[in-house]
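**Q** The structure's right below; bear with me while I get my questions together.
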Amino acid sequence: MNKPLKIGIDCRMYSSHFTGIGRYVFELVENLQKIDRHNQYILFFNQPEFSNFQPSSQNFSKVLVDARHYSLAEQTHFLSVLNRQKLDLMHFTHFNRPILYNRPSVVTIHDLTLHFYPGKKMASSIHRLAYNLTIRTAVGKARRIIAVSRATAKDLQTILRVPLKKIQVIYEGVNPAFKQIHNASRLNHTLGKYRIHKPFLLYSGVWRDHKNLQGLIRAFKLLSEHHQIQLVITGKKDNIYASEVFALVDELQLSEQIIFPGLVSEDELIDLINSAHIYVFPSFYEGFGLPPLEAMQCATPVAASETSCIPEICGKNAIYFDPHDPADMAAKIEKLLTDERLYQQLEQSGLAHVTKFSWCKMSKETHQLYLDAI
């Protein structure tokens, strides 16, 4: 057997909660521990995840970094920690990395959202300069680049001029916890807690410009004039964006019809997806788009934006709308509300479609990419 390789993984975004990159890192680590008992893995954490994580395999160990993303410590302290390890390969699971790190690396690029939609948090020229320097360094120094969709791979080629031979598309998966729940008392308890009644539309995720929450609310206003429905918008109420959202809700007089549960627990999110009549995904841009697949696995039909990677990931198993046109969004959602045959068709086709996406498959393909890169 070959000598074990020493492979590092940036786990500073590791999270067992159902969030994008956090979920990606969590699933990668969990599955690699099952499929590779030979090579040595060094996992780099911030607190509190460092203390909370306990490896399940003896060839996995953890190192405390405590260097926030976009911080000076990321460029200095994290660099020092990495250099001491003398790794054969380092996997940066997001583009944030010490720009002076020169040992072999691979990087996962989840999207180029900040390029298209920098938002209010990346408004300054200094932040924009730092972002461009960091992501261009990440893709420039990497031996291989993981793109989570063909759309993201195309963006890398078009925007950052990355050679196609460096990019490998590896799809994400859906956690088995997302499943159909048939326990009515459990579902009703969650609905009662947040004063939700059926039917309702559901959005789950972060509040950012590219998520198009205002477009969703405007579309809901049109729907509410003809249908007795509610809209449920979960996720942390980001103060930078929340004022605009709540101002629009007040302007359209929808405060009694839109529910904001906040950042719900994992079980409650699954309950809400199961209970929702339709899951709506109104984004202007996504790199992969995991939530629609999670909804499909719960047999909840999806209405989604016909843009970026979303048709690639959802295929023919969602009804699509123009995210820039609230009237079109409302019309497509209304079709799903009123066309029982289409509704049942998407329930069944979505369940079949989502079986194509597996975190185990993602981890096996990533593991092979490590070996190829080295």
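**Q** Roughly how big is the chain's charge dipole about its Cα centre, with Cβ charges of +1 (Lys, Arg) and -1 (Asp, Glu), in debye to the nearest 20?
**A** Charge dipole, the chain, about its Cα centre: 1640 debye, nearest 20.
**Q** Out of all DSSP beta bridges with both ends in the chain, state the antiparallel percent to the nearest 5.
**A** 0
**Q** If you don't mind, another one. Could you sort 205-218, 67-80 so that the peptide with the highest average Cβ count within 10 Å comes first and the rest follow in order?
**A** 205-218, 67-80
**Q** Follow-up question, since we're still on this one. How tilted is helix 340-353 with respect to the longest principal axis of the chain? Cα atoms for both, answer in degrees (0 to 90, nearest 10).
**A** 10
**Q** A further question follows. The chain: percent of C-alpha pairs farther apart than 29 Å?
**A** Taking all Cα-Cα pairs of the chain, the fraction more than 29 Å apart is 44 percent.
**Q** Ignoring solvent entirely, what values of log10 I(q)/I(0) come out of the Debye formula for the stretch 130-275 at 0.09, 0.10, 0.14, 0.19 Å⁻¹ when each Cα is a single scatterer?
**A** Scattering profile of the stretch 130-275, log10 relative to I(0): -0.44, -0.53, -0.85, -1.08.
**Q** Among all the lysines, which ones have a C-alpha under 20 Å from Lys335's C-alpha, if same-chain residues fewer than 8 places away are not counted?
**A** The reachable lysines, counting only those whose Cα sits under 20 Å from Lys335, are Lys198, Lys221, Lys316.
**Q** Mind pulling the angle between the C-alpha long axis of helix 239-251 and the longest principal axis of the chain? Nearest 10 degrees, somewhere in 0 to 90.
**A** 10
**Q** When only Cα pairs under 8 Å and 6 or more residues apart are kept, what is the percent relative contact order across the stretch 184-356?
**A** Reported relative contact order: 23 percent.
**Q** Based on other C-beta atoms within 10 Å, arrange Thr338, Thr234 from fewest to most.
**A** Ranking Thr338, Thr234 by Cβ neighbours within 10 Å, fewest first, gives Thr338, Thr234.
**Q** Could you work out [θ]222 nm for the chain from helices alone, using -39500 (n - 2.57) per DSSP H run of at least four and dividing by all its residues? Round to the nearest 500 deg cm²/dmol.
**A** That calculation yields -13000 deg cm²/dmol at 222 nm.
**Q** Still on this structure: Among Pro104, Leu129, Ile313, flag the residue with its Cα farthest along the positive direction of the charge dipole of the chain, charges on Cβ as +1 for Lys/Arg and -1 for Asp/Glu.
**A** Pro104
**Q** Given the peptides 304-312, 321-329, 345-353, arrange them by the average over their residues of other C-beta atoms within 10 Å, most packed first.
**A** Final packing ranking: 304-312, 321-329, 345-353.
**Q** For Lys86, list the lysines whose Cα falls under 30 Å from its own Cα; do not include residues on the same chain fewer than 8 positions away.
**A** Within reach: Lys3, Lys6, Lys34, Lys62, Lys141, Lys165, Lys166, Lys361, Lys364.
**Q** Could you give the dipole magnitude of the stretch 184-356 about its Cα centre, charging the beta-carbon of Lys and Arg +1 and that of Asp and Glu -1, in debye to the nearest 20?
**A** Computed about the Cα centre, the dipole is about 320 debye.
**Q** At a 10 angstrom cut-off on C-beta neighbours, averaged per residue, how do the peptides 127-139, 267-279 rank from highest to lowest?
**A** 267-279, 127-139
**Q** OK, next. Could you size up the charge dipole of the stretch 268-374 around its Cα centre, putting +1 on the beta carbon of Lys and Arg and -1 on that of Asp and Glu, and report it in debye to the nearest 20?
**A** 360
**Q** First check a/c for the stretch 251-329, with a ≥ b ≥ c the square roots of the eigenvalues of its C-alpha gyration tensor; if it is under 1.5, answer rounded, and if not, answer prolate when a/b is larger than b/c or oblate otherwise.
**A** Because a/c hits 1.5 or more and a/b fails to exceed b/c, the stretch 251-329 counts as oblate.
**Q** In what order do Val264, Val354, Val169 fall by count of nearby beta-carbon atoms within 10 Å, going from fewest to most?
**A** Val169, Val264, Val354
Since every read-out is calculated from the coordinates, none of them should be taken as a lab result. Predicted, not measured: the structure shown is a model, and the values here were computed from it. Positions of Cβ are generated from backbone atoms using ideal geometry, with glycine treated the same way; all protein chains shown enter the neighbour counts.
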